[in-house]
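S.K.: One structure, pasted below without further comment.
The values are calculated or read from the model by the stated rules, or taken from the named source; none is laboratory data. Quick caveat: nothing in here was measured; it's all calculated off a predicted structure. Cβ placement follows ideal geometry from the backbone for every residue including glycine, while neighbour counts extend to all protein chains displayed. Only protein heavy atoms, including side chains, enter the accessible area calculation; ligands, DNA and RNA are left aside. Shrake-Rupley method; radii C 1.70, N 1.55, O 1.52, S 1.80 Å.
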Amino acid sequence: MAEQTQIEIKPPQPAHHSDAGDDQVLEQQVRFFKSGTRKREDSWVISLFVVLHIVAFAATMFVNDCWQNSHRDCAIKVLGRLSFQPLWENPLLGPSSSTLDEMGALQQTFLANHHQTWRLFTCLWLHAGAIHLIINLSSVIFVGIHLEQEFGPLRIGMVYILSAFFGSLVATLFLQKSPAVGSSGALFGLLGSMLSGLICNWKVYTDKLAALSALLLVAVINFALGLLPYVDNFSNLGGFISGVLLGFVLLFSPRLPRMAEKKGGFFDYSVKKSIRLKQKLDRPVLRSVSFVLFGLVLAGAIVAVLHGIDMNKYCSWCQYINCVPSNRWSCNTKVTACQTMENAGRLTVTCMGKDNFRVFPFTSFSETRLHDLCDLICS
């Protein structure tokens, strides 16, 4: 008879979880700005904000109606009613100052004399012009979508809204005669949170120089844009400060389980997926201190705005952070008065106290339009 061989079949051993197993390093190379496998729904918050900004700008240009109100003295006339004000009036290809006032821009007169605090919220959705809109939203898309994919829509949405609102509060403290829009405050909030998120997760990221370089480049471009009329740089500074504090509170760890392996992008990761790593990323003391600081500065800004504090009285040079005067545009920081004279179907507008004047080949101007022209001629 053939010899029988017994083979012992052992059942598979259950996985054994230990601290040593948790400390094993899993190498992942995940890049932040080339995430082709990430789901579209991971960026719905930033996409919604971008759409709302575009709709608000289209509505602003529709109300502006340069074709009618400025007697077709417009830039890019082929757009008809949506044409922009001439470049000598708005170098950013946008509406008139009176239209920005009508749409809810921040203005010292309306807040101090008429107590229109609702402008703190409406100014967040306005842009000074098409150039401002394109640069601002391009930066928001570049930074915001990837931050949202990295840390989730809820956290980034909170950073966006709170930074925009805090930026408008800071801008109110430095307001002057010219209308100001604070839509860029949200962008600088994203940049601030990006910086604090990088600091919080410093040991996780490998390509820190690229991250800081991109942050600096976007910030410099948009801050330089804030030196032009109507774009408020104080809202940018306020948004950045709140973004840094909120980033320490909310962006304490990236969404590690949802990251795909070996994808390209902005931050390179060498991730140690373990309980210890997550504990290191979660710094309760830093988060608590940052939360308290944000609450204090937010409450302080609200109290200062409600009491009508004007920071320009304590800082005479601060106006140059927000607008650099030029012979091509006006910062509109002084009260102006003009004299008008009609002759042979022409209207001459002369700035009282100066020799500046301008002759227009038509006479039918609205009162608000004459006010805009007076500010420009007297500047």
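S.K.: Tally the residues that are part of a helix (DSSP H, G or I), of a type outside the set (Gly, Ala, Ser) and either open to solvent by less than 50 Å² (accessible area, probe 1.4 Å) or not assigned by the TED database to the domain that holds residue 243 (or both), restricting the search to the range 173-229. First the steps, then the outcome.
M.R.: Here is the first cut: in the range 173-229, the residues part of a helix (DSSP H, G or I) are 173, 184-200, 208-225.
Checking the rest, the ones that are also of a type outside the set (Gly, Ala, Ser) come to 173, 187-188, 190-191, 194-195, 198-200, 208-209, 212, 215-218, 220-223, 225.
Cutting the leftovers down to either open to solvent by less than 50 Å² (accessible area, probe 1.4 Å) or not assigned by the TED database to the domain that holds residue 243 (or both) gives us 173, 187-188, 190-191, 194-195, 198, 200, 208, 215, 218, 222, 225.
Final tally of qualifying residues: 14.
S.K.: In addition: So residue 127 passes all but one of these: (1) surrounded by fewer than 24 Cβ atoms within 10 Å (Cβ to Cβ); (2) touching a Phe, Trp or Tyr at 6+ places or on another chain (Cβ under 8 Å). Which condition number does it fail?
M.R.: Status for residue 127: all satisfied but (1).
S.K.: Which members of the range 88-116 meet the condition of being of a type outside the set (Gly, Ala, Ser), in contact with a Phe, Trp or Tyr (Cβ under 9 Å, 6 or more places away or on another chain) and free of Cβ contacts under 8 Å to residues at least 24 places away in the same chain?
M.R.: The answer is 116, and nothing else.
S.K.: Follow-up. List every residue pair whose Cβ atoms lie under 6 Å apart, where the two residues are 6 or more positions apart in sequence or sit on different chains, the first residue falls within the range 306-329 and is outside any loop (DSSP other than H, G, I, E, B), and the second residue, located anywhere, is aliphatic (A, V, I, L, M) and at pLDDT 80 or above.
M.R.: 311/173
S.K.: If residue 272 satisfies every condition in (1) open to solvent by 30 Å² or more (accessible area, probe 1.4 Å); (2) modelled with pLDDT under 85; (3) in the same structural domain as residue 118 (by the TED database); (4) assigned to a loop (DSSP other than H, G, I, E, B) but one, which is the exception?
M.R.: (3)
S.K.: Can you tell me which residue in the range 144-165 is nearest to the chain's Cα centre (by Cα), limited to those that are surrounded by 24 or more Cβ atoms within 10 Å (Cβ to Cβ) and β-branched (Val, Ile, Thr)?
M.R.: Step by step, filter the range 144-165, then rank; the result is 159.
S.K.: Here are 110, 121: which of them is of a type in the set (Phe, Trp, Tyr), open to solvent by 10 Å² or more (accessible area, probe 1.4 Å), closer than 27 Å to residue 337 by Cβ and out of contact with any His (no Cβ under 8 Å at 6 or more places or on another chain)? Break it down into steps so the answer makes sense when it comes.
M.R.: Working: 121 fails: closer than 27 Å to residue 337 by Cβ.
Testing whether each residue is of a type in the set (Phe, Trp, Tyr), open to solvent by 10 Å² or more (accessible area, probe 1.4 Å), closer than 27 Å to residue 337 by Cβ and out of contact with any His (no Cβ under 8 Å at 6 or more places or on another chain) leaves just 110.
For (1) at pLDDT below 80; (2) under 36 Å from the mean Cα position of the chain (by Cα); (3) in the same structural domain as residue 73 (by the TED database); (4) open to solvent by less than 30 Å² (accessible area, probe 1.4 Å), each residue gets a yes or a no:
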| site | (1), (2), (3), (4) |
| --- | --- |
| 349 | no, no, no, yes |
| 353 | yes, no, no, no |
| 357 | no, no, no, no |
| 360 | no, no, no, yes |
| 363 | yes, no, no, no |
| 369 | no, yes, no, yes |
